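**Q** Here it is, the structure in full.
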Amino acid sequence: MQRYTTTTILLHWLIAALIVATFLLGLTMVDIHGLTPTKLKYFSWHKWLGVTVLGLACLRMLWRLKNPAPAYPAGMPRWEQVSAHALHSLLYVLIFAVPISGYCYSLAAGVPVVYLGVLPLPVLMAPNPELKPLLKLAHYVLNMILLGGVGLHVLAAFKHLFIDRDGVFKRILPRSIIN
Ligand code: HEM
């Protein structure tokens with residue numbers, strides 16, 4: 001069966017791990033009461049991780065344009081192929097929309113992002129008190145959609161691995177794990 005390229009596999013797992021870390025850090029930091037040094041430090045780490053996801057998402061999109069995904073197995077029902085395609089498209093949109101909403105929220109709140117504390121990133125908008133709560137809500141809602149989408153994605157992957165046993169899950173695993 002056709003497999004994904006090594007670069008696609010690497011980007012898939014790297015982005016997945018970074019999204020989990022950024023998501024959990026996001027939930028942890030907003031739960032800290034008061035503007036403590038730890039909270040500020042976590043905010044910075046969260047933003048740097050999120051911007052890294054955005055950079056890797058750009059690389060992944062460019063790579064994907066030149067390297068289409070392998071075809072689904074011939075026996076896979078049409079509805080499954082259509083839903084898989086729709087869910088993958090949604091996840092592609094979200095790996096951009098989630099960090100972009102966080103970035104814009106930060107700018108609307110008047111806090112420009114300095115990547116890794118050394119590289120000031122473009123200030124694309126002036127502080128905006130009206131947009132600030134909307135962007136905060138957008139970042140939250142997009143994150144919840146991402147959570148639901150990733151949940152479905154994982155369930156579908158396990159269905160391929162344990163029920164269908166059609167090799168689809170293994171196509172995205174590094175060769176060293178399969179052999
Ligand atoms: C993959 C990328 C990202 C994920 C998965 C993510 C996830 C989250 C989550 C789960 C929260 C907590 C939401 C809540 O419970 O209210 C959060 C909050 C936040 N995120 Fe992100 N985020 C990402 C990228 C970014 C980026 C790139 C920035 C800015 C450069 C950012 C800025 C913020 C800020 C400022 C908050 C705090 C919101 C508040 O004031 O309560 N995020 N994020």
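**Q** Can you give the accessible area per residue of the chain, in Å², using a 1.4 Å probe?
**A** Ligands and nucleic acids excluded, the result is 63 Å² per residue.
**Q** Does a label point 7 Å from the Cα of L161, set along Cα-to-beta-carbon, have any residues of the range 17-42 with amide nitrogen under 16 Å, and which are they?
**A** Hits in the range 17-42 for L161 at 16 Å: 17.
**Q** So, with a 1.4 angstrom probe, what is the percent of accessible area on the range 22-179 that is carbon and sulfur?
**A** Of all accessible area on the range 22-179, carbon and sulfur atoms account for 73 percent.
**Q** Each label point is 7 Å from the Cα along the Cα-to-Cβ direction; what then is the distance between the points at L65 and H153, in nm?
**A** 2.1 nm
**Q** May I ask for the angle, rounded to the nearest 10°, between helix 6-30 and the longest principal axis of the chain, with both axes built from Cα atoms and the value confined to 0 to 90°?
**A** 40 degrees
**Q** So, in nm, how far is label A86 from label A17 when the simple model puts each one 7 Å beyond its Cα toward the Cβ?
**A** If labels sit at A86 and A17, their model points lie 3.3 nm apart.
**Q** For the chain, count all C-alpha to C-alpha pairs, find those more than 25 Å apart, and express that count as a whole percent of the total.
**A** Cα-Cα pairs of the chain separated by over 25 Å account for 41 percent.
**Q** Kindly flag which residue pairs out of K41/K159; K39/K66; K41/K136; K136/K170 have an alpha-carbon separation exceeding 30 Å in this structure.
**A** Over 30 Å Cα-Cα: K41/K159; K39/K66; K136/K170.
**Q** OK, next. Taking Cα atoms, how many degrees apart are the long axis of helix 78-108 and the longest axis of the chain, rounded to 10 and kept between 0 and 90?
**A** Helix 78-108 sits roughly 10 degrees off the main axis of the chain.
**Q** Net charge within 15 Å of G102 by Cβ-Cβ distance, Lys/Arg positive one each and Asp/Glu negative one each, not counting G102 itself?
**A** +3
**Q** Could you give the angle, 0 to 90 degrees to the nearest 10, between helix 131-158's Cα long axis and the longest principal axis of the Cα atoms of the chain?
**A** 20 degrees
**Q** Roughly speaking, what is the stretch gain from L54 to M1, that is 0.36 nm per residue apart minus the C-alpha to C-alpha distance, in nm to one decimal?
**A** 16.0 nm
**Q** Roughly how big is the chain's charge dipole about its Cα centre, with Cβ charges of +1 (Lys, Arg) and -1 (Asp, Glu), in debye to the nearest 20?
**A** 380 debye
**Q** Now a separate question. Counting Lys +1, Arg +1, Asp -1, Glu -1, what net charge surrounds V93 among other residues with beta carbon under 15 Å of its beta carbon?
**A** Result for the neighbourhood of V93: +2.
**Q** Next question, about the same structure. Go ahead and collect, in residue order, the members of the range 116-154 whose backbone nitrogen is under 17 Å from a label point 7 Å along the Cα-Cβ direction of V93.
**A** 138-153
The values are calculated or read from the model by the stated rules, or taken from the named source; none is laboratory data. Everything numeric in this text was worked out from a predicted model, so none of it was measured. Note: ideal-geometry Cβ built from the backbone for every residue, glycine included; neighbour counts use all protein chains shown. To get the accessible areas, we keep the full protein, side chains included, count just its heavy atoms, and leave off ligands, DNA and RNA. Shrake-Rupley method; radii C 1.70, N 1.55, O 1.52, S 1.80 Å.
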